1. When only residues in the stretch 86-104 that are part of a strand (DSSP E or B) and β-branched (Val, Ile, Thr) count, which is least open to solvent (accessible area, probe 1.4 Å)?
2. For a quick check of your reading: which strands (runs of 3 or more DSSP E) sit entirely within the stretch 8-85 and have at least 3 residues that are in contact (Cβ under 8 Å) with a residue 24 or more places away in the chain?
3. Kindly indicate whether THR33 is open to solvent by 50 Å² or more (accessible area, probe 1.4 Å), modelled with pLDDT of 90 or more, touching a Leu at 6+ places or on another chain (Cβ under 8 Å) and closer than 23 Å to ALA18 by Cα.
4. Do we find that GLU145 is in a helix (DSSP H, G or I) and modelled with pLDDT of 75 or more in this structure?
5. List the number of the failed condition for SER72; all other conditions in (1) at pLDDT 80 or above; (2) open to solvent by less than 40 Å² (accessible area, probe 1.4 Å); (3) within 20 Å of ASP12 (Cβ to Cβ) hold.
6. Given the conditions (1) open to solvent by less than 80 Å² (accessible area, probe 1.4 Å); (2) modelled with pLDDT of 80 or more, and given that ILE65 satisfies all but one, which numbered condition is not satisfied?
Amino acid sequence: MCRFIAFMPQWDFLDFLAGQSARYAGFTLLQSTAFGDFLYDNDSVSGVIATRGDQRLHIRCKVVIGADGRHSQVRARAKLTSQTFGVARDVIWFRLSKQPYDPVSGMGHKGPRQNFIVIDRGDYWQCGLTIPKGEFEAQKAARLEAFIALGGRRLTVWRAASG
């Protein structure tokens with residue numbers, strides 16, 4: 001089990017990966033490109049068929065990595081299964097409007113199993129409060145009312161997300 005976690009905007013992480021990968025000869029990043037199927041040579045996968053707008057691409061490669069998310073089309077087409085790991089916590093995501101007196105800090109922590117996440121989104125804070133799994137309805141009434149009362153800030157709850 002890992003005792004640490006890092007939070008950062010997904011687009012920053014993807015930009016970081018693209019920048020680091022671009023240092024390698026032969027690396028090509030195809031954005032807005034969707035997986036369609038595998039290419040085969042003698043019953044072995046030799047690449048992918050993809051679409052980019054109206055263009056159909058045949059991309060040959062030695063390794064195909066299905067990094068297309070939780071509901072991976074690559075994994076489904078390969079008939080691979082995934083394993084779900086039980087997570088004991090949910091996250092209540094919400095936003096707080098920025099105030100002139102806000103600190104510059106972008107992360108908070110209140111102790112074991114009481115994490116409060118703060119991500120700077122420019123003109124607002126994206127916030128997440130971790131709670132015990134399955135307790136969203138009870139926590140919503142008890143804790144969110146306390147947040148609303150903080151300094152008259154407008155609070156928008158996005159969703160409770162299970163990991």
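1. ILE92
2. Details: elements: 34-41, 44-52, 55-60.
Filter on the stretch 8-85 gives 34-41.
3. In short, no.
4. Details: in a helix (DSSP H, G or I): yes; modelled with pLDDT of 75 or more: no.
When the stated conditions are applied, GLU145 does not pass them.
5. Here SER72 meets the rest and fails (3).
6. Checking ILE65 against (1) open to solvent by less than 80 Å² (accessible area, probe 1.4 Å); (2) modelled with pLDDT of 80 or more, the one that fails is (1).
The values are calculated or read from the model by the stated rules, or taken from the named source; none is laboratory data. Just so it is clear, the structure is predicted and the values come from calculations on it, not from any experiment. Because the Cβ atoms are built from the backbone with ideal geometry, glycine has one as well, and the counts that use them run over all protein chains shown. Surface areas here come from the heavy atoms of the whole protein model, side chains and all, with no ligands, DNA or RNA. Shrake-Rupley method; radii C 1.70, N 1.55, O 1.52, S 1.80 Å.
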